[in-house]
Every structure is written in structure tokens, then in C-alpha cells.
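Presented below is the structure to which this report refers.
The values are calculated or read from the model by the stated rules, or taken from the named source; none is laboratory data. Note that this is a predicted model, so its numbers are computed, not measured. Ideal geometry is used to build each Cβ from the backbone, glycine not excepted, and the neighbour counts take in all protein chains shown.
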Amino acid sequence: MSTDQDLTFEAALARLEQVVADLEGGQLALEQSIARFEEGMKLSQFCARQLDAIERRIEVLVRKADGTFDWKPTELAPNESASAGT
């Protein structure tokens with residue numbers, strides 16, 4: 001696995017999907033399975049940290065000067081686009 005500095009969220013997620021497929025395939029020896037599981041846990045934690053950081057950045061971007069949020073998430077129906085109603 002790459003270090004956090006040269007790993008993107010997308011690359012980590014793709015590798016995590018491959019690790020899961022390898023584990024589900026049932027063709028790995030026990031030691032290989034343990035190593036893949038450990039790699040998968042690290043990738044999962046990396047992705048979670050990345051998502052947390054993005055969430056914090058979004059909160060900062062939408063915070064108003066008075067400390068309240070100016071962002072109200074809306075639930076769109078499955079076939080609606082974000083530009084619906086305009």
C-alpha cells in the first residue's frame with residue numbers, strides 16, 4: 001500500500017474494492033488473507049479520514065459569519081436532478 005501522501009481517495013477505494021474481492025474469492029492462503037485484511041483495514045481508515053476532512057471543509061465553506069449554517073440538504077427523488085425546480 002502507498003503512503004498517505006501519494007494515495008488518493010479514489011485509488012484507496014479502488015484498492016479496497018480489490019482487497020475485498022480477493023478475500024471473498026477464497027483463494028488466498030491464511031497468511032495472505034490476514035495481510036489483505038490488515039491492508040483493507042488501513043485503507044478503510046484512510047478513506048474514513050479523507051471523508052471526515054472533506055466534511056469539515058464543507059462545513060467551513062457553508063458556515064455564515066454569524067456562526068450558523070447556510071446549507072440545507074434536500075432530498076431529491078431518485079430521478080430528480082440538483083437543478084430541478086429551476
Taking Glu59 as the residue in question, decide whether it is in a helix (DSSP H, G or I) and modelled with pLDDT of 90 or more. no
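Can you tell me which of Glu75, Glu80 is modelled with pLDDT under 70, surrounded by 11 or more Cβ atoms within 10 Å (Cβ to Cβ), out of contact with any helix residue (DSSP H, G or I) (no Cβ under 8 Å at 6 or more places or on another chain) and of a type in the set (Asp, Glu)? Please lay out each step first, then the result.
Details: Glu75 fails: surrounded by 11 or more Cβ atoms within 10 Å (Cβ to Cβ).
Answer to the selection: Glu80.
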Pick from Leu28, Leu16: which is at pLDDT 90 or above, surrounded by 12 or more Cβ atoms within 10 Å (Cβ to Cβ), hydrophobic (A, V, I, L, M, F, W, C) and not in a helix (DSSP H, G or I)? Leu28
Test Ser44 against the criterion of being modelled with pLDDT of 95 or more, over 15 Å from the mean Cα position of the chain (by Cα) and part of a helix (DSSP H, G or I), and give yes or no. no
